[in-house]
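Participant: Here it is, the structure in full.
Bear in mind these aren't lab numbers, they're just calculated from the coordinates by the rules spelled out. Note that this is a predicted model, so its numbers are computed, not measured. With ideal geometry, Cβ positions are generated from the backbone for all residues, glycine too; neighbour counts draw on all protein chains shown.
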Amino acid sequence: MILVTGGTGYIGSHVVVELLQAGHRVAILDDLSNSEVSVVERIEQITHQRVAFYHGDVRDVELLATIFQTHAIEAVIHCAGLKAVGESVVNPLAYYDANVYGAIALCRAMASANVKRLIFSSSATVYGVEATPPYCETMGRGSCTSPYGSSKAMVEKLLEDLGSSDPEWSVTILRYFNPIGAHPSGMIGESPQGIPNNLMPYISQVAAGVLPELLVYGSDYPTPDGTCVRDYLHVVDLAKGHQMALKSLLQPGIKHYNLGTGQGVSVKQMIEAFTQATQVPVPYRFAPRRSGDIAAFWASAEKARRELGWQANKHLHEMMVDTWRWQQYIAQR
Ligand code: WQD
């Protein structure tokens, strides 16, 4: 059985679906702070499989011990954490507590249960502001612009140190680029609370008329059309990357993989792609740059292809269609 922390969240729920569909049994630990318990039922409807669900915090060492005593856990995929960049600037202690202490508590419980195989949800943000694209795993970590980013970099470092201290650990760090889209069933996706911070949910809420217009942050970046460039990948491709990374845990040691498409897409191209795929216009206006934004970055996706046999297969069109289907599902609830 695989334990997925944060398994009812946006990424975690898609990871659980892919694991179940690949024949794994799954337990979820989630505190439901940014998700709903009904996600468990929806996962079960999509996959026609049952999931063992635990409502709780990853820092709850007693609950973790119970989970490890109850189930024969082969590996843990650690997706639980706080992820709003702006909020992390306002409340850094909450971010370091949930993300850094959360990882420490989990690793301690794993070590006590002698479960030493871990996949960690990290972020391309750890490459920092100095890196030049494409970002490659051979580059070091750079300076992060937010406590959120620093918390991911710190956990990477602590996992590397843990791996050096005890060669029985197998740790695979997955650095996500910009996951978007939703499950093609239309039953799970991202449901940001309040006004979204990220581009894709913002676009879909403007298109749905929930928000009046999109502000495009910056039109004078040194990019082909002046707007920022990112590497957007479909969340189902990202989730498959986790399932394929499980085999990397069979050899002890620490590994890092980028999960991205290897292609940069600008904010303007994203708006155009959405309208082309859905025929729904997205009113937008240019606004000043958002502080902390980097002009352009995308992944080198070669290492994951070479070593895991993984590559992103879904195109921008599918990301847009699936996002829009999910937006309509949310609107009907
Ligand atoms: C993408 C582009 C914005 C909103 C962040 C984190 C990263 C990861 C994903 C976690 C940028 C522009 C956005 C809007 C806009 N974190 N934009 N108008 O900043 O690349 O990555 O989220 O879970 O670690 O750093 O993603 O979607 O916020 O922005 O013009 O209303 O869209 O300026 O260029 P980002 P994003």
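Participant: Kindly identify the chain as rounded, prolate or oblate by the Cα gyration tensor criterion: order the square roots of the eigenvalues as a ≥ b ≥ c, call it rounded if a/c is under 1.5, otherwise compare a/b with b/c, prolate if a/b is larger, else oblate. Each step should come with its number before you reach the end.
Facilitator: Numbers: a/c = 1.69, a/b = 1.34, b/c = 1.26.
It is prolate, given that a/c is not under 1.5 and a/b is the larger ratio.
Participant: For SER291 and ASP97, calculate 0.36 nm times their separation in residues minus their Cα-Cα distance, and state this gained length in nm to one decimal. Working shown, then result.
Facilitator: On the way: separation 194, 0.36 × 194 = 69.84 nm, distance 2.44 nm.
Result for the pair: 67.4 nm of gain on full extension.
Participant: Quick one: angle between helix 235-245 and the longest Cα principal axis of the chain, in degrees between 0 and 90, rounded to 10, please.
Facilitator: In the chain, helix 235-245 runs at an angle near 30 degrees to the longest axis.
Participant: Okay, next question. May I ask you to list the aspartates and glutamates whose Cα is less than 18 Å away from that of LYS314, ignoring any residue fewer than eight positions away on the same chain?
Facilitator: By straight Cα distance, LYS314 reaches GLU18, GLU190, ASP231, ASP237, GLU272, GLU302, ASP322.
Participant: What net charge do the residues around THR70 carry, taking every other residue with its C-beta under 15 Å from that of THR70, with Lys and Arg at +1 and Asp and Glu at -1?
Facilitator: Numbers: positive: ARG25, ARG50; negative: ASP60, GLU62, GLU74.
Local charge sum for THR70: -1.
Participant: Also, quick follow-up: Expressed as an acute angle from 0 to 90° and rounded to the nearest 10, what is the orientation of the C-alpha long axis of helix 267-278 relative to the principal long axis of the chain?
Facilitator: The angle comes out at about 90 degrees.
Participant: Can you run phi through the Karplus equation (6.51, -1.76, 1.60; θ = phi - 60°) for segment 172-177 and list ³J(HN,Hα) in whole Hz, with x for Gly and Pro?
Facilitator: So the Karplus estimates, Gly and Pro as x, are 10, 9, 9, 9, 7, 8 Hz.
Participant: Using a Debye calculation, one point per C-alpha and no hydration shell, please list log10 I(q)/I(0) for segment 1-150 at q = 0.15, 0.21 Å⁻¹ in order.
Facilitator: After summing over all Cα pairs, the log10 values are -0.81, -1.28.
Participant: Compute from the Cα atoms of segment 124-239 the Rg and the Dmax, the latter being the longest Cα-Cα distance, and quote both in angstrom.
Facilitator: Computed over the Cα atoms of segment 124-239, radius of gyration and Dmax are 17.4, 54 Å.
Participant: Relative to the first principal axis of the alpha-carbon coordinates of the chain, what is the inclination of helix 102-112, with its axis defined by its Cα atoms, in degrees from 0 to 90 and to the nearest 10?
Facilitator: Approximately 30 degrees, to the nearest 10.
Participant: Let me ask something else about it. LYS152: which aspartates and glutamates have alpha carbons under 14 Å from its alpha carbon, excluding same-chain residues fewer than 8 sequence positions away?
Facilitator: Straight-line reach from LYS152, under 14 Å: ASP97, GLU160.
Participant: Under a crude label model (7 Å from the Cα following the beta-carbon direction), how far is ALA22 from ALA72 in nanometres?
Facilitator: 2.0 nm
Participant: Each label point is 7 Å from the Cα along the Cα-to-Cβ direction; what then is the distance between the points at SER219 and LYS247, in nm?
Facilitator: If labels sit at SER219 and LYS247, their model points lie 4.9 nm apart.
Participant: Which value in nm describes the separation of the simple spin-label points at ALA331 and GLU272, placed 7 Å from the Cα toward the beta carbon?
Facilitator: Roughly 2.5 nm, to one decimal.
Participant: Sum -39500 (n - 2.57) across every DSSP H segment of at least 4 residues in the chain, then divide by the residue count to get the 222 nm mean residue ellipticity, nearest 500. Could you put the intermediate results ahead of the total?
Facilitator: Details: 12 runs with 128 residues, N = 333.
Roughly -11500 deg cm²/dmol at 222 nm, from the helical runs in the chain.
Participant: A further question on this structure: Pull up the DSSP beta bridges for the chain and report the antiparallel fraction as a percent, rounded to 5. Intermediate values should be presented prior to the final figure.
Facilitator: Numbers: 2 of 40 bridges.
Bridges in the chain are about 5 percent antiparallel.
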